[in-house]
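K.L.:
One structure follows; several queries about it will come next.
The values are calculated or read from the model by the stated rules, or taken from the named source; none is laboratory data. All figures in this text were calculated on a predicted structure; none of them were measured in a lab. Quick reminder, even Gly has a Cβ in these numbers, built from the backbone with ideal geometry, and neighbours come from all protein chains shown. All accessible areas refer to the heavy atoms of the entire protein, side chains included, with ligands and DNA or RNA removed. Shrake-Rupley method; radii C 1.70, N 1.55, O 1.52, S 1.80 Å.
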Amino acid sequence: RASTPGTGKSLLVDVAATIATGRPCPVIAAGKDAEETEKRLGALLRDGVPIISIDNVEGELGGDMLCQVTERPLVRVRILGLSEAPEFECKATVFATGNGLTLLGDMTRRAVLCSLDAGVERPELRRFAFDPIARVMEARGRYVAAAITIARAYRAAESPEVCPPIGSYSDWSRTVRAPLIWLGEVDPVASMETARKEDPELMSIRELFGHWRERLGMDSPCTTSGVIQVACEKTSLGSFEKVGEFKHPEFRDLLLRIAGDGGAVSSKRLGKWLSRTSGRVVDGSRLMMK
């Protein structure tokens, strides 16, 4: 990801793809919704492509299908227009590029984040001494050999334990992450914490817990309607604020973002959102639905 267009996100993916496959990486666009993205990913899985690049993602990136493709060894993909859902192996490396790209929900633990910053207003006008794609093609074998050598050297050293395994990605952690850390490189998993801190869903939960702690008390049971009532409570006669103003406008604004419907907080939507959050531990606290 980058903050400015033209920084070189797609070029970086092309360099990696050229080393791995001998050619730049074909790209797809993210769909307008998760269902459309799922169809596009499914088509590529059926074709057995080795590298997938979702190019120029705007805003947030997530979705069930993308989470499955980046974690599970096998997935079932529904064929468009048919009731069939054949099984496919997931062997593709998945890239995504975007300006201001943010990982959403469960994708934060399924991705390594790379942030590019050229430090100039017009990065596309920069001049370089060489073309990295051309350089790779001139001696691609050396780059492939170098990557394999790193992994083999780590094995030759009897694979010393330099990091704990990461859930769902133990093979990758053992064959890619650990050798890099062993060589003195920064742990790529450290970027997951950055993605997690920026996750809009996690930030909403943290904000909710803060308001809940302050307005309701963390040990007191409360109904969904009770939460809405407190958040949308207005001032009355005798208070220092103007009559009719919301007492807790930030709390109300949060609930509108989470479960707003026509300018009001929907009890049904909020209930569903709280159900999804139920049991999740955030900053030492969690919400339990009964």
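K.L.:
With r defined as the distance between the Cβ atoms of Ala151 and Ser278 and R0 fixed at 30 Å, what FRET efficiency is calculated, to the nearest 0.05? Display every interim value, and only then the final one.
P.N.:
Values: r = 42 Å, r/R0 = 1.40.
About 0.10, to the nearest 0.05.
K.L.:
Holding the Cα-Cα limit at 30 Å, pick out from Lys32/Lys234; Lys32/Lys290; Lys247/Lys268; Lys197/Lys234; Lys39/Lys290; Lys9/Lys268 the pairs that are longer than that.
P.N.:
Over 30 Å apart, Cα to Cα: Lys32/Lys234; Lys32/Lys290; Lys197/Lys234; Lys39/Lys290; Lys9/Lys268.
K.L.:
Suppose we keep just the DSSP beta bridges with both residues in the stretch 1-151; what percent of those would be antiparallel, to 5?
P.N.:
Numbers: 3 of 14 bridges.
Taking every DSSP beta bridge within the stretch 1-151, about 20 percent pair in antiparallel fashion.
K.L.:
Can you give the log10 of the normalised intensity I(q)/I(0) at q = 0.18, 0.29, 0.31 Å⁻¹, computed with Debye over equal Cα scatterers of the stretch 1-48?
P.N.:
Log10 of I(q)/I(0), two decimals: -0.75, -0.98, -1.00.
K.L.:
Continuing with the same structure: If I stretch the segment between Asp47 and Val94 completely, what's the gain in nm (0.36 nm per residue apart, minus their alpha carbon distance), one decimal?
P.N.:
Values: separation 47, 0.36 × 47 = 16.92 nm, distance 1.44 nm.
Contour length minus Cα-Cα distance gives 15.5 nm.
K.L.:
Within the stretch 52-94, what residues put their amide N at less than 19 Å from the label point 7 Å along the Cα-to-Cβ vector of Cys163?
P.N.:
Residues 70-72, 93-94 qualify, since their backbone N sits under 19 Å from the label point.
K.L.:
On to the next question. Provide the solvent-accessible area of Val27, counting protein heavy atoms only and rolling a 1.4 Å probe, rounded to the nearest 10 Å².
P.N.:
Around 80 Å² of this residue is reachable by solvent.
K.L.:
Starting from the Cα-Cα distance between Leu116 and Asp219, subtract it from 0.36 nm times their residue separation and give me the gain in nm to one decimal.
P.N.:
That pair, Leu116 and Asp219, stretches by 32.7 nm at full extension.
K.L.:
Rank-order 248-255, 260-267 by packing density, defined as the average count of other C-beta atoms within 10 Å over each peptide's residues, highest first.
P.N.:
My ranking of the peptides, most packed first, is 248-255, 260-267.
K.L.:
I've got another one for you. So, in nm, how far is label Lys32 from label Ile133 when the simple model puts each one 7 Å beyond its Cα toward the Cβ?
P.N.:
Result: 3.1 nm between the two label points.
K.L.:
Which net charge results when you count Lys and Arg as +1 and Asp and Glu as -1 among the other residues whose beta-carbon is under 9 Å from that of Asp64?
P.N.:
-2
K.L.:
Tell me, how many Å apart are the Cα centres for the stretch 93-124 and for the stretch 1-75?
P.N.:
That distance is 12 Å.
K.L.:
Can you give the alpha-carbon Rg of the chain over 2.2 N^0.38 Å, where N counts its residues?
P.N.:
Ratio of Rg to 2.2 N^0.38 Å for the chain: 1.26.
K.L.:
Right, next: With every protein chain present, what accessible area does Ser275 have (1.4 Å probe, heavy atoms only), rounded to the nearest 10 Å²?
P.N.:
70
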